[in-house]
Amino acid sequence: MTTDDPSQLIFVIDDDEAVRDSMGMLLDSADLPHRCFASADEFLAHHDASQRGCLVLDIRMPGTTGLELQQRLAETGSCLPIIFMTGHGDVPMAVEAMRRGAFDFLRKPVNETDFLERVRDALDRESGSWHQRLDRERVRQRIATLTEREHEVFQLVAEGIANKAIASELGISERTVEVHRAQVMKKLGAKTLAQLVRIHLRSE
Amino acid sequence: MTKLPQPLNSKSGSSGDYDRLETLLQNLPGMAYRCLNLKHWPMDFVSDGCFELCGYHRHEIESQSVLWGDFTHPDMIDEVDRIVSSAADRGEPFEIEYRIITRDGREKWVWERGRVVDYRSDGVAILEGLITDITDRKLAEAALMRAEAYAQAIVESAVDAVITVDSQGSIESFNQAASAMFGYRADEVRGLHCRSLVATTFYREFDRYFQRYRDPGDAAVHSVDLNACDKRDRKFPIVMSMRAILDVGEKKYVMLIRDLTQQRLAEKEVRDQRDLLAHVDRLNTLGEMAAGIAHEINQPLTAISMYAQSSLRFLQREPPQLQRLEDALEKLSQQAHRAGAVIERMQEMTRPHQSRQQTVDSGRLLREIRDLGEVEAQIRNYIIVLRLDDRLPAVKCDPIQIQQVILNLLRNGMESMHANHCKPGSKIVLQARIDHEQLRISIVDSGQGISRKFEKQLYQPFASTKESGMGLGLSISRSIIAAHGGQLGYSNNRNGGATFFFNLALA
């Protein structure tokens, strides 16, 4: 479980002061760190791409609406899961939000147990995807240290092509292929061919 | 009566008598005759009027080449014969009207009066008499009868009751519609005073009307709305009009009465429908607002359930976090009030307004309202200041509605002060003083005031400067004050904030 990742925050965005305050209190009581915003614009003003956690977002708000904020975040490549809070008669909006990749929506008045559960699920999901992204980023960084020739060898080895065939493909000796291959393994931190193939897959 | 010349049985008078008589006879309007009471009445004397009457000359009739019976209309000759013969048998005079056909084939009505003057030796009666043309009179009579029948048909077929009364008000005639309307037969109502057709509670009004319009002095038709009363004592609304007519020197009155029951029912139905429509309209407006209202209620409900859950969690901590629990419960209670207020506002919209005005001690009413408003003021940390004239008079109002209005204005004022970042301890003033024989109540805040921009939609339903407001408060308040005969006014204060005020009538 990664729920207690201290870098995760729950961003509560609701124009209603009481709703905001009560959610904050509930999250407090569950020891979930959070920040409250009265509008989407207020949130955006404080937002940067490195922020982690999830969003609890009122779908109906004056100014920038919940759906608009979802759109804006998607455009910046944000991976923050969004839980929408919807009122009576907001079902079409909720459907649209889900279609655009919302994590979930909860009808007001919200069942608190569901609420906390869904918030934790969202944090888990974010945590998972964050680590995945982190991992991919590390792999990319390592791949970036390969020379051009090493990169060529890495691609062909990962595709399962034998050293001999690689040598003839690249017009170099088999011995040279072996040297490059050893270098690639070392740079990417792979001990076996299987590990190398997995790294290759992750980098894609 | 003097005997005529050339007696059939040769009884003669002097020649001087004859000339005088001749002159007299020739000047008679019509035809004098003498005849035998035989079939077709052979005439041995007629006056010169015969030519004008029937187109035959005297000599033609006297020579008996034509008989009087030949002129008599075939339809009537038997009847004429019967009357004349029976009169002759009894020796009495007779009078008869019948038709003849003249030489040129025209029909004429004639009036004849005659009597037996003598008997021939064989016992046949000798008749003398006068026959006059009465065609013009008959035509006029027929026309009159037709006109009467026509008028009668109109009266009888009329939907409205048509009643004629004499100058004392006694009923003389009653048409079929009147019978149907009042349940009296024409014969049983005759002679009754027309007032008895009116409900007793309307006697005075009816008498006044009857007196006033017996001689209206103009040609206009004056009508009056009354409640009538039929034979079975059923009361029903009528409209009645009256005209005087002159009948052989005596004044009579024709009364037209229309039963308004159906009309009143229809009117009521229209009214009910209109009310219903207005209600439906309000509900529709509400229907459109349903999502918004649901949102309004869902917000506090959401907060309530969250605060409740938080409370539970603070309580379950080891040790329990009582300070935070208290905070949560207090906020929870506020939100419950907020939800209640939304519902209250909604009910005001849907409930048909029933104003129950009563005499109210204004000082006491205002103090009670202040106490009610105090709860909200404490939440915001503001103070409601009551400024009342000494010895405030009683006013006439619906205290519940006025309370709603003042509380609403206090709430608006405090919200405006909050939006204006007024410090804790700021004051909102509720004051009352006598103003031109009325009680002026004002609510003076130190909030944002009314901006020019918002002024236009100030009283519009669903317009609000508050993010959480439904925008119904002022619109409802204004209608309540209007229902009290007053006006909800406002002005911006010189040193900030706004004042809302209205007047109430003194009891």
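The values are calculated or read from the model by the stated rules, or taken from the named source; none is laboratory data. Remember, predicted model here, so these are calculated numbers, not experimental data. Methodologically, a virtual Cβ is constructed for each residue, glycine included, from the backbone with ideal geometry; neighbour enumeration extends over all protein chains shown.
Each row is one residue, and each column tells you yes or no for (1) surrounded by 14 or more Cβ atoms within 10 Å (Cβ to Cβ); (2) under 22 Å from B:Asp118 (Cβ atoms); (3) touching a strand residue (DSSP E or B) at 6+ places or on another chain (Cβ under 7 Å); (4) not hydrophobic (A, V, I, L, M, F, W, C).
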site	(1), (2), (3), (4)
B:Leu21	yes, yes, no, no
B:Gln26	no, no, no, yes
B:Ala32	yes, yes, yes, no
B:Leu36	yes, yes, yes, no
B:His40	yes, yes, no, yes
B:Met43	yes, yes, yes, no
B:Gly49	yes, no, yes, yes
B:Gly55	yes, no, no, yes
B:Arg58	yes, yes, yes, yes
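Taking the range A:27-118 as the region of interest, the strands (runs of 3 or more DSSP E) fully inside it that hold 2 or more residues being buried (at least 21 other Cβ atoms within 10 Å of the Cβ) and away from chain B (no Cβ under 14 Å) are A:52-58.
Do we find that B:Ala294 is within 9 Å of chain A (Cβ to nearest Cβ), surrounded by fewer than 18 Cβ atoms within 10 Å (Cβ to Cβ) and either assigned to a strand (DSSP E or B) or hydrophobic (A, V, I, L, M, F, W, C) (or both) in this structure? Walk me through how you get there before you give the answer.
Working: within 9 Å of chain A (Cβ to nearest Cβ): yes; surrounded by fewer than 18 Cβ atoms within 10 Å (Cβ to Cβ): yes; either assigned to a strand (DSSP E or B) or hydrophobic (A, V, I, L, M, F, W, C) (or both): yes.
Answer is yes for this residue.
Of the residues that sit in the range B:317-335 and are within 9 Å of another protein chain (Cβ to nearest Cβ) and more than 59 Å from the chain's Cα centre (by Cα), which one is surrounded by the fewest Cβ atoms within 10 Å (Cβ to Cβ)?
Applying the first criterion (within 9 Å of another protein chain (Cβ to nearest Cβ)) to the range B:317-335 yields B:317, B:321, B:324, B:327-328, B:331-332, B:334-335.
Applying the additional criterion that residues be more than 59 Å from the chain's Cα centre (by Cα) yields B:317, B:321, B:324, B:327-328, B:331-332.
Values: B:Arg317: 12, B:Gln321: 19, B:Arg324: 18, B:Asp327: 17, B:Ala328: 27, B:Lys331: 20, B:Leu332: 21.
Here the answer is B:Arg317.
Scan the range B:356-396 residue by residue and report those that are in a helix (DSSP H, G or I) and buried (at least 17 other Cβ atoms within 10 Å of the Cβ).
Initial filter on the range B:356-396 (in a helix (DSSP H, G or I)): B:362-380.
Within the range B:356-396, B:Ser362, B:Gly363, B:Leu365, B:Leu366, B:Ile369, B:Arg370, B:Gly373, B:Glu376, B:Ala377 qualify.
Matching residues to (1) touching a Leu at 6+ places or on another chain (Cβ under 7 Å); (2) of a type outside the set (A, V, I, L, M):
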| position | (1), (2) |
| --- | --- |
| B:Ser362 | yes, yes |
| B:Cys397 | yes, yes |
| B:Asn408 | no, yes |
| B:Met414 | no, no |
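Only one entry in B:Val405, B:Val342 is farther than 28 Å from B:Asn503 by Cβ, within 50 Å of the chain's Cα centre (by Cα), crowded, with 18+ Cβ neighbours inside 10 Å and of a type outside the set (Lys, Arg), namely B:Val342. Scanning the range A:170-200 for residues that are closer than 17 Å to A:Asp135 by Cα, touching a residue at least 12 places away in the same chain (Cβ under 8 Å) and not in a loop (DSSP other than H, G, I, E, B) yields a total of 6.
Yes/no matrix, rows are residues, columns are (1) surrounded by 15 or more Cβ atoms within 10 Å (Cβ to Cβ); (2) outside any loop (DSSP other than H, G, I, E, B); (3) modelled with pLDDT of 65 or more:
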| residue | (1), (2), (3) |
| --- | --- |
| B:Ala463 | yes, no, no |
| B:Ser468 | yes, no, no |
| B:Ser477 | yes, yes, yes |
| B:Ala482 | no, yes, yes |
| B:Ser491 | no, yes, yes |
| B:Phe501 | yes, yes, yes |
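Counting only strands (runs of 3 or more DSSP E) that sit completely within the range B:124-228, those holding 3 or more residues that are under 30 Å from B:Ala32 (Cβ atoms) correspond to B:125-133.
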